[in-house]
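Right, one structure below, let's go through it.
Throughout, read-outs are computed from the coordinates displayed, never taken from laboratory work. As the structure is a prediction and not an experimental result, all values here were calculated from the model. As a convention, Cβ positions derive from the backbone with ideal geometry for all residues, glycine included, and neighbour counts pool all protein chains shown.
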Amino acid sequence: MAVDRTRLGLTVLRICIGVFFIFEGLGKVRWFTNSSILAAQFAEWSNTLASGSIAQAYLQRVAVPGTAVFARLVPLGELLSGLALVLGVWTPLAAFLAFFMALNFQIASGALFKYSFLTSGYGLPVLGSTLALTLAGSQARTKKIKPKVDRV
């Protein structure tokens, strides 16, 4: 029996990034009851960003007004997308949601627009792996083995 190395590699990637998102979500569980934690993070980022930058505009127009909603959606999204990736359920959708959440944090923090984005473990590796799993689609799911039926 030959091993499908592409599928095996995507499965390892799917499980590893899924575990990553589960633990990211667990680290944010307190946000469900205390959105001020996320608000403080937004304020810190806002103080370090250049006035008029894309990140500053994103924070002011999207992130800060939606803080109460995002404080609940982000941990829930990270936990659910991580769990779906680990289990191999709805892989393309879960990976896209994880990609979208990670991209939003990279934009809001201004990290996407810095050289350090290319060397950060939270930047290119996370966005690249979730995008790859989105594009790989069903190839990233565990292969179901069908029994052979002998015909007489």
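To the nearest 0.05, what FRET efficiency results for Asn104 and Leu135 with a Förster distance of 22 Å applied to their C-beta separation? Let's see the in-between values first.
Numbers: r = 19 Å, r/R0 = 0.88.
After rounding to 0.05, the efficiency reads 0.70.
Report ³J(HN,Hα) in whole Hz for each residue of region 24-36, in order, from the Karplus equation J = 6.51 cos²θ - 1.76 cosθ + 1.60 where θ = phi - 60°; Gly and Pro get x.
Here the 3J(HN,Hα) series is 4, x, 4, x, 10, 4, 4, 4, 4, 9, 9, 6, 5 Hz.
If neighbour count is taken as other Cβ atoms inside 10 Å, put Trp90, Trp45 in order from fewest to most. Write out the running numbers ahead of the final one.
Values: Trp90 15, Trp45 20.
Result, fewest neighbours first: Trp90, Trp45.
Multiply the residue separation of Ser35 and Arg7 by 0.36 nm, subtract the distance between their alpha-carbon atoms, and state the gained length in nm to one decimal.
6.1 nm
With no solvent and one equal point scatterer per Cα, compute the Debye intensity ratio I(q)/I(0) for the chain at 0.13, 0.19 Å⁻¹ and report its log10, rounded to two decimals.
Log10 of I(q)/I(0), two decimals: -0.64, -1.14.
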